[in-house]
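Notes follow the structure.
The values are calculated or read from the model by the stated rules, or taken from the named source; none is laboratory data. Small disclaimer: the values here were computed from a predicted structure and weren't measured. Methodologically, a virtual Cβ is constructed for each residue, glycine included, from the backbone with ideal geometry; neighbour enumeration extends over all protein chains shown.
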Amino acid sequence: MPPTPPHPDDHHAVVADNGAITYRALLANHEFAGLYVSFTATTAAGTLSGYALGTLVQAQTSSPLLTALSMYAGTLATVLGALTLMSIADNARPRRILLALQGLSLATVAAQAVPGLPLPVRFALLLIAGFFASLGTGARLGLLSEVVPANRYALARSLMNITSGGTAVIGFTVAAFLLRFLDPGQLFLVSAALVAAGLLATAVSVREHSVRLSRRPGLARTWATNAALMRRADQRVLLVNLWVPNGLIVGCEALFLSYDSTHAGLLLAAGAGGMLAGDLTVGRFLSASQRARWALGLRVLLAAPFLVFALHPPLVVGVVAVFCASVGYAATLPLQEKLLTVTEQEVRGQVQGVESAGRMTWQGLGAGIAGVLAQGFGPAVAIAVAAGISLMITFGTAGRVRRLGNGASQATS
């Protein structure tokens, strides 16, 4: 069945139902398969290296704030990439850009394996990697929107999100197991090997695509597009909902090593498992209209179960709460679909990169906010407070997001 992309003038066109499309059909696309393998290897590498660094910092400092930031501080730098050079994501040679950025990622992960590296240097490497990771994400998502038809885009993103959750489940479990036999430096080398595998997958399977921009990319072009994006109230409210509630819940997860270092791997794996279950169910089995109807409930589910941590629950209750809450991460799918339908084709790579970079940046901000709260009130109270703020933001913007779902016209302010 030929793809039926929305008319370029119909910003509220609904992404076609994907009920008849399978993941196997997606993976039959050679280029998508290459992007998928590269994404999977990169995600696995990030999971292993993040857990290795968090373990190292917790052992050296015993600080909830520094431990949380060590796992997510790199995401803070993604906003700098989004604000300065994200238009490169829509440049004439996205494949070449993606390969170069994957090579840089390989260098920064390998450098973390150097024995005795001072913590300030490790954090500097995180910031460098985070800055360029935002550009890599924009280039990858821009390619994704070209290599799959419009009516398969949501399913492709769903598969990547499912894989991210599944890889994290395995990655956190494997990382905790490997650290019984390896030191963090050796685990960084394993991560570097995975990054190299992802780079190779991109190189052998993804072709170069044609010019997408009519103007030279760079700082001025990036700022112009970002300014136009943020002037549109519909897009602003979608970005807030994609960034802030999720970031605060990631901040909750960043405190697991400080909350219970013995069982942190189990709690993190439960969260990744919930994300996997949510994305599989919402992305594969619900239509676009059903996803839109469930979006608010999923955003509430994302935060509410974390409130139980204020009571210092037994481990099994905490694991179940984290699993159930993480199903709510699937709310990003309908929000991403809405953002795609209100975005012009020629800047979709940059806008999707901005969305991803903002979400990652808020993961770092959420970790910092939760870490500061934990320094003053302890990890359990900090988890509950961050979850409560997430719920407040979700309810405060629910009306505007619902109107978007009903086909409200574009608004500006």
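Structure summary
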item: Number of positions in the stretch 104-128 that are touching a residue at least 12 places away in the same chain (Cβ under 8 Å) and under 16 Å from LEU69 (Cβ atoms); result: 8
item: Residue that is farthest from THR108 (Cα to Cα) [pool: residues in the stretch 118-132 that are over 18 Å from the mean Cα position of the chain (by Cα) and of a type in the set (A, V, I, L, M)]; result: LEU119
item: In the stretch 139-181, residue surrounded by the fewest Cβ atoms within 10 Å (Cβ to Cβ) [restricted to those that are among the small types (Gly, Ala, Ser) and within 15 Å of PRO334 (Cα to Cα)]; result: ALA150
item: Residue count, the stretch 112-157 (criterion: of a type in the set (Gly, Ala, Ser) and either outside any helix (DSSP H, G or I) or in contact with a strand residue (DSSP E or B) (Cβ under 7 Å, 6 or more places away or on another chain) (or both)); result: 2
item: Those residues of the stretch 170-182 which are part of a helix (DSSP H, G or I) and either under 16 Å from LEU194 (Cβ atoms) or free of Cβ contacts under 8 Å to residues at least 12 places away in the same chain (or both), in sequence order; result: ILE170, GLY171, PHE172, THR173, VAL174, ALA175, PHE177, LEU178
item: Matching entry among ALA411, ALA386, ALA331 (being farther than 24 Å from VAL169 by Cβ, of a type in the set (A, V, I, L, M, F, W, C) and either surrounded by fewer than 24 Cβ atoms within 10 Å (Cβ to Cβ) or at pLDDT 75 or above (or both)); result: ALA411
item: Some residue of the stretch 325-334 being free of Cβ contacts under 8 Å to residues at least 60 places away in the same chain and more than 16 Å from the chain's Cα centre (by Cα); result: no
item: Residue identified as under 18 Å from PRO245 (Cα atoms), of a type in the set (A, V, I, L, M), surrounded by fewer than 22 Cβ atoms within 10 Å (Cβ to Cβ) and modelled with pLDDT of 90 or more among LEU311, LEU307, LEU302; result: LEU307
item: Of all residues making up the stretch 118-157, the number that are under 18 Å from TRP362 (Cβ atoms) and modelled with pLDDT of 80 or more; result: 3
